[in-house]
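First up is the structure itself, then whatever we jot down about it.
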Amino acid sequence: MDLKKHVDFDNLEVAFASKNDKTLKKIHFVFSTMGSSAMVKTGTTLTKLALKSGLPVKGIIKRTLFDIFCGGENIEECQRTAEQMSKFNIGAILDYSVEGEKTEAGFEATTAEIVRTIEKAGNSAHIPFGAFKVTGIGSFDLLAKIQAKETLTDEEVSAFQKVRERVDRICALGHELGVKVLIDAEETWIQKPIDDLAYEMMEKYNREKALIYNTYQMYRHEALQELKDTQKDAVAKGYFLGAKLVRGAYMEKERERAMDMGYPSPIQPDKESSDRDFDLGLEFCIENINNTALFCGSHNEKSNYHLTHLIEEKGIARDDDRVYFAQLYGMSDNISFNLANSQFQVAKYLPYGPIKATIPYLIRRAEENTSVKGQSGRELTLVKREMARRKGK
Ligand SMILES: Cc1cc2nc3c(=O)[nH]c(=O)nc-3n(C[C@H](O)[C@H](O)[C@H](O)COP(=O)(O)OP(=O)(O)OC[C@H]3O[C@@H](n4cnc5c(N)ncnc54)[C@H](O)[C@@H]3O)c2cc1C
């Protein structure tokens with residue numbers, strides 16, 4: 001099969017059209033630094049120390065990691081980044097990246113900010129989705145307790161009522177403004193109440209079309225079956241399924257916990273199994289496109305190519321908004337820009353927030369990118385090739 005029949009991710013001229021030489025140099029610098037795990041370890045420790053002691057490292061972080069991986073410090077700054085991407089037909093998904101809130105006041109403030117992102121999406125053609133994590137608006141420990149079927153105190157019962165009300169507030173607004181809303185997936189030991197909330201919202205708001213999406217982590221060996229079961233359930237109950245497919249971000253943590261606590265790991269035995277189920281999940285959603293909308297969140301070239309073939313074979317229009325490709329801002333531009341250039345629907349998660357608050361997100365990106373075989377190796381190779389191509393012109 002000719003993988004590149006509908007799009008070519010190796011077209012670097014298209015991939016980097018939005019970047020000038022100076023920006024390319026900066027990306028080269030950041031990804032080569034991240035390629036060294038010693039540098040990342042030292043950098044991470046120094047950053048944490050410097051922030052604690054009040055040393056002025058924010059400027060350096062802003063000019064490097066933050067500029068590459070975040071859209072700005074607030075919605076207004078993201079607007080500029082979103083407009084820039086829209087010139088290349090790429091949508092933005094405003095992702096408020098403040099983590100670790102633990103108080104009711106903090107959860108309310110985060111909910112209010114997410115509501116603002118949905119409002120912004122409602123009046124901007126460049127922002128097709130809103131997105132949020134339930135742990136941003138409710139307590140992680142409470143979700144874990146609910147999943148473990150522990151008895152809740154009255155206070156906890158009322159706290160969970162508030163979580164449900166916040167989720168509803170966000171989804172109701174999405175429904176009112178016609179903005180699609182993605183509910184991110186998290187750790188398996190809190191995922192059940194998140195799923196339940198997501199299905200409750202879908203049943204309520206996905207009556208005319210899929211607006212609310214739940215996330216399926218295909219590195220879980222049960223995920224493919226769950227996807228199939230929920231699709232059946234959606235048909236039976238008369239609503240549209242919104243399915244965001246990802247491989248999953250918490251593999252090591254999941255395996256470690258299962259080992260420590262002595263239960264079977266919920267994660268696939270190997271990468272090939274995750275890859276197989278991810279692609280089978282894409283096939284299943286496209287086969288059932290009549291009542292399913294698909295959001296494919298992946299940097300895997302093969303899966304992205306596979307989806308272009310499925311779309312074409314099924315005769316779905318490339319600009320049909322029931323099928324979206326998505327990557328994270330600052331990663332895999334060769335996939336995003338080439339897909340968009342070939343008229344497929346593409347959006348990028350655009351994390352934002354005050355610099356200090358986005359540091360955990362940035363450190364995760366840096367740690368994830370340390371392996372030479374991993375994403376930073378891929379990104380670095382592409383940037384080097386583009387720099388050489390420009391020099392040779
Ligand atoms: C737009 C977008 C939204 C996302 N939203 C979420 C979200 O809501 N929740 C979430 O958990 N993640 C989310 N992610 C992250 C995602 O789950 C992956 O961690 C990340 O995208 C890497 O996978 P990949 O498909 O891009 O490609 P690849 O680089 O091909 O795959 C890497 C992934 O494969 C899996 N894997 C690797 N080694 C093994 C192994 N030995 N055995 C089994 N599986 C293995 C892991 O999931 C690993 O992350 C999102 C990613 C994107 C692009």
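The values are calculated or read from the model by the stated rules, or taken from the named source; none is laboratory data. The model shown is predicted, which means the values in this text are computed figures rather than measured ones. With ideal geometry, Cβ positions are generated from the backbone for all residues, glycine too; neighbour counts draw on all protein chains shown. The accessibility values were calculated without ligands, DNA or RNA, using every heavy atom of the protein model including side chains. Shrake-Rupley method; radii C 1.70, N 1.55, O 1.52, S 1.80 Å.
If the reach is capped at under 13 angstrom between alpha carbons, list the aspartates and glutamates near K4, excluding any in the same chain fewer than eight residues apart.
E301, E312
Convert each backbone phi in the range 116-132 into a coupling constant with the Karplus relation 6.51 cos²θ - 1.76 cosθ + 1.60 (shift: θ = phi - 60°), then list the ³J(HN,Hα) values in order as whole Hz, x for Gly and Pro.
Computed from phi, the couplings for the range 116-132 are 4, 5, 5, 4, 4, 4, x, 10, 9, 6, 8, 10, x, 9, x, 8, 7 Hz.
Short version: ³J(HN,Hα) in whole Hz for each residue of the range 251-263, in order, from phi by Karplus 6.51 cos²θ - 1.76 cosθ + 1.60 (θ = phi - 60°), x for Gly and Pro, what are they?
4, 5, 4, 5, 5, 4, 5, 4, 5, 4, 9, x, 10
So, for the range 272-393, what is the accessible surface per residue at a probe of 1.4 Å, expressed in square angstrom?
That works out to 39 Å² for each residue.
Across 10 Å bins from the origin, how do the percents of Cα pairs in the chain run, short distances first?
5, 22, 34, 28, 10, 2, 0
Using a 7 Å offset from Cα along Cα-Cβ at K302, what residues in the range 210-252 end up with backbone N under 15 Å from the label point?
From the range 210-252, the list is 219, 247.
What is the dipole size for the range 192-289, taken about its Cα centre, with +1 at each Lys and Arg Cβ and -1 at each Asp and Glu Cβ, in debye to the nearest 20?
My answer is approximately 280 debye.
Lys and Arg at +1, Asp and Glu at -1: add these up for the other residues within a Cβ distance under 11 Å of P193 and post the number. Mind showing how you got there, number by number?
Numbers: positive: K145, K149, R164, K192; negative: E186, D195, D196, E200.
Neighbourhood net charge equals 0.
With both bridge residues required to lie in the chain, what share of the DSSP beta bridges run antiparallel, to the nearest 5%?
Counting only bridges with both partners in the chain, antiparallel ones make up about 5 percent.
Looking at the range 204-327 only, what percent of DSSP beta bridges run antiparallel? Nearest 5 please. Please list the in-between numbers first.
On the way: 1 of 14 bridges.
Bridges in the range 204-327 that DSSP calls antiparallel: roughly 5 percent.
Can you give the net charge of the other residues whose Cβ lies under 14 Å from the Cβ of A258, counting K and R as +1 and D and E as -1?
-2
In the range 286-393, what is the count of Lys pairs whose alpha carbons are under 28 Å apart, counting only pairs at least 8 residues apart or on separate chains?
11
Taking the Cα centre as origin and putting +1 on Lys and Arg beta-carbons and -1 on Asp and Glu beta-carbons, what dipole magnitude results for the chain, to the nearest 20 debye?
Magnitude of the dipole: close to 1740 debye.
Taking the solvent-accessible surface of protein heavy atoms with a 1.4 Å probe, what is the per residue accessible area of the range 51-182 in Å²?
Normalised by residue count, the accessible surface of the range 51-182 is 49 Å².
Report the FRET efficiency, 1/(1 + (r/R0)^6), for R385 and E287, where r is their Cβ-Cβ distance and R0 is 35 Å, rounded to 0.05.
The formula returns an efficiency of 0.45 here.
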